[in-house]
1. The conditions are (1) at pLDDT below 90; (2) part of a helix (DSSP H, G or I), and Pro143 fails exactly one of them. Which is it?
2. I'd like to check something: does region 106-122 contain any residue that is among the aliphatic types (A, V, I, L, M), open to solvent by less than 50 Å² (accessible area, probe 1.4 Å) and part of a helix (DSSP H, G or I)?
3. Within region 35-54, which residues are open to solvent by 40 Å² or more (accessible area, probe 1.4 Å) and closer than 13 Å to Ala7 by Cα?
4. For the structure I just gave you, tell me whether Ala83 is within 14 Å of the chain's Cα centre (by Cα) and surrounded by fewer than 19 Cβ atoms within 10 Å (Cβ to Cβ).
5. Based on what the data block shows, is Gln34 of a type outside the set (Lys, Arg), in contact with a Lys or Arg (Cβ under 9 Å, 6 or more places away or on another chain) and under 14 Å from Ala77 (Cβ atoms)?
6. Report, by residue number, each residue of region 130-139 that is assigned to a loop (DSSP other than H, G, I, E, B) and either at pLDDT 95 or above or open to solvent by less than 30 Å² (accessible area, probe 1.4 Å) (or both).
7. From the list Ala60, Ala154, Ala46, exactly one residue is without any contact (Cβ under 8 Å) to a residue 24 or more places away in the chain and either part of a loop (DSSP other than H, G, I, E, B) or more than 14 Å from the chain's Cα centre (by Cα) (or both). Which is it?
Amino acid sequence: QVGAEDAGRTDAVQGCLLEVAGRGLAHRLAGTLQANLRRTPDDLPALTAAGVHVRLVKGAYLEAAGAYPHGEPTDLAFLRLGARLAETGAPWSMATHDGRLREALLMAVGTVPVEHLFGVRPEVLDELRDRGVPTRVYLPYGPAWFRYWMRRVAESRGA
């Protein structure tokens with residue numbers, strides 16, 4: 001699973017994903033696409049055509065340019081991208097703690113795996129599992145894992 005970074009690194013991240021997929025390893029890859037980036041609809045076809053599993057997120061980074069503002073514009077982009085991914089038949093999952101968006105996509109496109117960050121609303125994953133929705137818990141790692149985890153947990157609690 002290759003996570004998303006700020007928009008300035010998107011070309012490099014996408015390039016790495018496509019290079020590794022081109023070596024016949026797409027079945028072992030998942031790449032993150034951020035709904036808040038205006039470029040994402042153009043990035044999506046290359047990853048799905050390469051067979052890379054797409055992990056759709058809203059996008060947590062505040063970008064100077066090239067992004068929708070947080071809130072309704074990003075939410076709508078997330079829903080549109082989810083519908084588009086479902087139409088392609090490509091492997092994908094949604095990684096969101098936003099219950100409204102999650103339920104809207106599940107109702108619109110059917111069962112799609114849902115991912116949550118470790119420690120964020122684990123009871124939701126239990127409920128989804130009981131409904132037959134595949135779930136996944138992800139753990140950040142690397143030198144900045146704790147800062148990332150704390151920021152995301154705080155965001156999930158409205159901080």
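1. Against the list (1) at pLDDT below 90; (2) part of a helix (DSSP H, G or I), Pro143 comes up short only on (2).
2. To start, the set of residues in region 106-122 that are among the aliphatic types (A, V, I, L, M) comprises 106-109, 112, 114, 117, 120.
Next, only the ones that are open to solvent by less than 50 Å² (accessible area, probe 1.4 Å) stay: 106, 109, 112, 114, 117, 120.
Cutting the leftovers down to part of a helix (DSSP H, G or I) gives us 106, 109.
For region 106-122, residues among the aliphatic types (A, V, I, L, M), open to solvent by less than 50 Å² (accessible area, probe 1.4 Å) and part of a helix (DSSP H, G or I): present.
3. Those that are open to solvent by 40 Å² or more (accessible area, probe 1.4 Å) and closer than 13 Å to Ala7 by Cα: Arg38, Arg39.
4. Values: within 14 Å of the chain's Cα centre (by Cα): yes; surrounded by fewer than 19 Cβ atoms within 10 Å (Cβ to Cβ): yes.
When the stated conditions are applied, Ala83 passes them.
5. Details: of a type outside the set (Lys, Arg): yes; in contact with a Lys or Arg (Cβ under 9 Å, 6 or more places away or on another chain): yes; under 14 Å from Ala77 (Cβ atoms): yes.
Considered against the rule, which asks whether it is of a type outside the set (Lys, Arg), in contact with a Lys or Arg (Cβ under 9 Å, 6 or more places away or on another chain) and under 14 Å from Ala77 (Cβ atoms), Gln34 comes out as yes.
6. Start the filter on region 130-139 by keeping residues that are assigned to a loop (DSSP other than H, G, I, E, B), which leaves 131-134, 139.
Answer for region 130-139, where residues must be assigned to a loop (DSSP other than H, G, I, E, B) and either at pLDDT 95 or above or open to solvent by less than 30 Å² (accessible area, probe 1.4 Å) (or both): Arg131, Gly132, Val133, Pro134.
7. Working: Ala60 fails: without any contact (Cβ under 8 Å) to a residue 24 or more places away in the chain; Ala46 fails: without any contact (Cβ under 8 Å) to a residue 24 or more places away in the chain.
Answer to the selection: Ala154.
Residue-wise test of (1) open to solvent by less than 50 Å² (accessible area, probe 1.4 Å); (2) at pLDDT 95 or above; (3) under 15 Å from Ala30 (Cβ atoms).
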site: Leu56; (1), (2), (3): yes, yes, yes
site: Gly66; (1), (2), (3): yes, no, no
site: Asp75; (1), (2), (3): yes, yes, no
site: Gly89; (1), (2), (3): no, no, no
site: Leu128; (1), (2), (3): yes, yes, no
site: Arg147; (1), (2), (3): no, no, no
site: Met150; (1), (2), (3): no, no, no
site: Glu155; (1), (2), (3): no, no, no
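The values are calculated or read from the model by the stated rules, or taken from the named source; none is laboratory data. Only a predicted model underlies this, so the values are computations on that prediction, with no experimental measurement involved. Virtual Cβ from ideal backbone geometry, glycine too; neighbours counted across all protein chains shown. SASA here: full protein model, heavy atoms, side chains in, ligands and nucleic acids out. Shrake-Rupley method; radii C 1.70, N 1.55, O 1.52, S 1.80 Å.
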